[in-house]
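Report on the following structure.
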Amino acid sequence: MAAEAEGCIEQRLTRAAQQAVEALAGANLTVVTAESCTGGLIAGVLSCAPRAGQCLQGAFVAYSKLQKQLALGISAELLQRRGSVNRAVALQMAEGALQRSGAQIALSVTGVLGPDADEDGNPAGLVYLAVAQRAQRAVVVEECITRGSPDEVRRRVVLRALELLRGAAA
């Protein structure tokens, strides 16, 4: 039964990635990801979809606070004051990825997969996603709280991120 459920989520991720890539490519938009807790999985899933080369610019994988500062320009003061799992950091990650790439859309994710809380006391399953668009200066920041094993949380977050990307391209 677990293998069947695993196959089902894999199919959903594959389908969601294909839909996101079709929407992005159809709208002639490019995307870059800035990923923390997903460790590059969003970009990895997108890269497997047909036509990904037309829209996927790349990914920043910034797992630690220091790497968020160095790679994406996240404020050290913000990270020290509020930690790395909050709306402001998700937004700065997306904006930093846009500034450091040629993409028109940036999607970021920061959160706690679990099974335990992070060093700042954020509970397992708390995740923030942000989508920033260069052209419209439109920004979406979403809080997502989900339960399950770290792998289940990761996959649900990736699925939601792909849905957000598809919506941003529409």
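The values are calculated or read from the model by the stated rules, or taken from the named source; none is laboratory data. This structure is a prediction, so every number in the text was calculated from the model and none was measured. For neighbour counting, all protein chains shown are included, and Cβ atoms are generated from backbone atoms with ideal geometry for every residue, glycine included.
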query = What residue, of Val127, Val89, Val141, is in a helix (DSSP H, G or I) and either more than 20 Å from Ile9 (Cα to Cα) or not basic (Lys, Arg) (or both)?
reply = Val89
remark   = Checked region 139-152 for anything more than 20 Å from Ala59 (Cα to Cα) and among the hydrophobic types (A, V, I, L, M, F, W, C); matches are Cys144, Ile145
query = Is region 116-127 home to any residue that is surrounded by 22 or more Cβ atoms within 10 Å (Cβ to Cβ) and either over 14 Å from the mean Cα position of the chain (by Cα) or at pLDDT 95 or above (or both)?
reply = yes
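Of all the residues that make up region 6-48, how many are among the β-branched types (Val, Ile, Thr) and under 9 Å from the mean Cα position of the chain (by Cα)?
The number of residues fulfilling the criteria is 3.
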Glu77 being surrounded by 15 or more Cβ atoms within 10 Å (Cβ to Cβ), under 20 Å from Ser108 (Cβ atoms) and among the charged types (D, E, K, R) = no
Unique residue being in a helix (DSSP H, G or I), hydrophobic (A, V, I, L, M, F, W, C) and modelled with pLDDT under 95 when the list is Ile9, Ile42 = Ile9
Unmet criterion (only one of (1) crowded, with 23+ Cβ neighbours inside 10 Å; (2) in contact with a strand residue (DSSP E or B) (Cβ under 7 Å, 6 or more places away or on another chain); (3) at pLDDT 95 or above) for Leu91 = (1)
